[in-house]
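For reference, the structure discussed in these notes is given below.
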Amino acid sequence: MYWFGNDDFNQMRLLENHSWANLESKKFALYQTPVEKIIDVLDEFSHKWHPGQEVFEKAIGSLIEETGLSRQEVLESLSILRGLLSRHSLIKRLRGEFENPEILDRYQKTPSFFGKVKAILHGVVLHVTAGNIFLSSIDSLIMGFLTKNLSVLKVSGQNKFFPVYFAQALKELDKKNILSDKFAVLSWKGGDKSIESFIKTKVNAIIAWGGEEMVSSYLQDLPLGVKLLDFGPKISFQIVSKKALNEYD
């Protein structure tokens, strides 16, 4: 697993208080980092996910083996990742959420209020991610970076390889530790109360992606002041029309 820049982390240390002790300085460092610099790192990283690049090519075989997806599906997914990390996409998403992304760096005037406003980080955010889409944990992590939160990814047993691989590749690129020591990637069996109860006391917010039972378990005994943002069960469907079948033969 991966712990704030340490890719040789013994997960047994997760339940030790001193493992969490130095996160305050990292939290402050990320909070002080201009969002433009965060975008610079992510955009530079996006160029590693082109066909022919070593990082890209090394990921393909392991992803096919772990996910059961075809080679073409993996290639399409990695092209989506490249888009998610691109400057154009990052700025577009920030403007969709905040209109003026500078609100993440400094107080800004707003027409709806007589004073100035600023977006403030939660702090340390636990992302409990689903295993059915291997990019979902990375997408959640990217938004954690943009909003200047330290992130702890709890990944599914179905999706252990890619988040750690992504972390190691980012560490190799990000020599100045702008982002590479500002997140962790961990995996434990869902429903492990000893770990979940402990971590609830160490984080400022929890983002839960998944089924109703999982979301309910993180709501249980949630300490006062810890915010839960839940993205629970969803139903998706597609429609193929007669017109489309005729048009595309």
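Annotations for the structure displayed:
- When Rg and the Kirkwood Rh are both derived from Cα coordinates, the Rg/Rh ratio for the range 79-186 amounts to 1.02.
- Taking the DSSP bridge list for the chain and keeping only pairs wholly inside it, about 25 percent are antiparallel.
- Remark on the range 116-238: Rg and Dmax equal 14.7, 45 Å (Cα only).
- Summing +1 for each Lys or Arg and -1 for each Asp or Glu among the other residues whose beta-carbon sits under 11 angstrom from that of VAL35 gives -1.
- Net charge contributed by nearby residues that have their C-beta within less than 13 Å of TYR165 (K/R +1, D/E -1): -2
- Sorted largest first by accessible area at a 1.4 angstrom probe radius, with every protein chain in place, the residues TRP20, TRP49 fall in the order TRP20, TRP49.
- The chain - percent of accessible surface contributed by carbon and sulfur, probe 1.4 Å: 53 percent
- Note on GLN53 and ARG87: with the Förster distance fixed at 22 Å, the Cβ-Cβ geometry gives a FRET efficiency of about 0.80.
- Diffusion coefficient, µm² s⁻¹, Stokes-Einstein with Kirkwood Rh over alpha-carbon pairs of the range 16-89 at 20 °C and 1.002 mPa s: 147 µm²/s
- Given charges at beta-carbon only (K, R positive; D, E negative), |dipole| of the chain in Debye: 740 debye
- Think of the chain as a dipole: +1 on every Lys or Arg Cβ, -1 on every Asp or Glu Cβ, centred on the Cα centre; then among LEU228, PHE45, GLY83, LEU228 lies furthest on the positive end.
- Across LYS148/LYS234; LYS160/LYS200; LYS109/LYS234; LYS116/LYS193; LYS160/LYS243; LYS116/LYS227, pairs whose alpha-carbon gap is larger than 31 Å: LYS109/LYS234; LYS116/LYS193; LYS160/LYS243
- Solvent-accessible area per residue in the chain equals 56 Å², computed with a 1.4 angstrom probe and all protein chains kept.
- Net charge in the neighbourhood of GLY5 (other residues with Cβ under 15 Å of its Cβ; Lys, Arg +1, Asp, Glu -1) is +2.
- Secondary-structure-derived ellipticity at 222 nm for the chain, considering helices only, amounts to -13000 deg cm²/dmol, per-run term -39500 (n - 2.57) for DSSP H runs with n ≥ 4.
- The listed residues SER236, SER197, SER136, once ranked by accessible area (1.4 Å probe) with the largest placed first, stand as SER236, SER197, SER136.
The values are calculated or read from the model by the stated rules, or taken from the named source; none is laboratory data. Computed from a predicted model, the values in this text were never measured in an experiment. For neighbour counting, all protein chains shown are included, and Cβ atoms are generated from backbone atoms with ideal geometry for every residue, glycine included. These accessible areas exclude ligands, DNA and RNA; they are computed on the full protein's heavy atoms, side chains included. Shrake-Rupley method; radii C 1.70, N 1.55, O 1.52, S 1.80 Å.
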